[in-house]
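Take a look at the structure set out below.
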Amino acid sequence: MYQRRVVPALAVAALFIGCEHQRDVTGAQFSARGPVIQSVTGSGSMEVQALGGGHWRTFTESARRFADGTVIGQWERVNHVNEAETKSHGVITCFTIEDGNRAYLGGYATSGAWSTHPDNEVGWMVEDNGQGQNVEPDVMTLQWVGYGPGFAERFCRRQVSVATPYYITSGDINVRP
């Protein structure tokens with residue numbers, strides 16, 4: 001039976017230390033937004049067959065929606081191809097939760113591949129299939145990258161079709177509606 005290894009929470013937290021791209025920086029802005037009412041978090045890795053097989057991708061994502069509707073978050077993607085490593089980082093500007101366990105996230109890249117405006121918007125889907133040894137692994141699609149202004153919002157609104165997701169081979173995704 002498949003057993004999931006959980007990536008320590010420190011890996012998620014480390015992504016956000018010292019990041020200059022966080023859009024809200026003062027405590028006053030946080031308190032004016034109200035409590036967090038939804039979130040999508042996760043980190044892990046998966047094998048990407050679409051790139052010819054044998055290529056690994058690691059990811060980290062964290063997004064929160066506040067009572068006033070504001071969404072903030074960040075993501076990081078690391079591709080491991082032929083012993084080389086490329087990193088991309090960005091912010092999450094929107095997400096939609098569907099069926100309580102699936103989320104459609106959108107935003108834009110701030111560094112790495114496809115980080116040049118206006119073609120830096122991204123979108124992807126994740127699915128939280130629960131915890132424990134007797135559940136299917138969580139899944140995630142590849143990020144759609146290189147799209148122009150408005151793509152992220154269209155993706156979050158489900159106005160873009162979604163590719164087949166890949167099983168997360170290690171790590172965990174949490175969707176909190």
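Scanning segment 116-129 for residues that are more than 15 Å from V40 (Cβ to Cβ) and at pLDDT 90 or above yields N120, E121.
Among the residues of segment 74-88, those identified as part of a strand (DSSP E or B) and open to solvent by 10 Å² or more (accessible area, probe 1.4 Å) are E76, R77, V78, N79, H80, V81, A84, E85, T86, K87. A residue that is open to solvent by less than 50 Å² (accessible area, probe 1.4 Å) and closer than 17 Å to S43 by Cα cannot be found anywhere in segment 145-163. Answer yes or no as to whether V139 is closer than 17 Å to S45 by Cα and under 16 Å from the mean Cα position of the chain (by Cα). Answer is yes for this residue.
Of N120, N129, all but one fail to be open to solvent by 20 Å² or more (accessible area, probe 1.4 Å) and of a type outside the set (D, E, K, R); the exception is N129.
The values are calculated or read from the model by the stated rules, or taken from the named source; none is laboratory data. These numbers were taken from a predicted model, which means no experiment stands behind them. Quick reminder, even Gly has a Cβ in these numbers, built from the backbone with ideal geometry, and neighbours come from all protein chains shown. Only protein heavy atoms, including side chains, enter the accessible area calculation; ligands, DNA and RNA are left aside. Shrake-Rupley method; radii C 1.70, N 1.55, O 1.52, S 1.80 Å.
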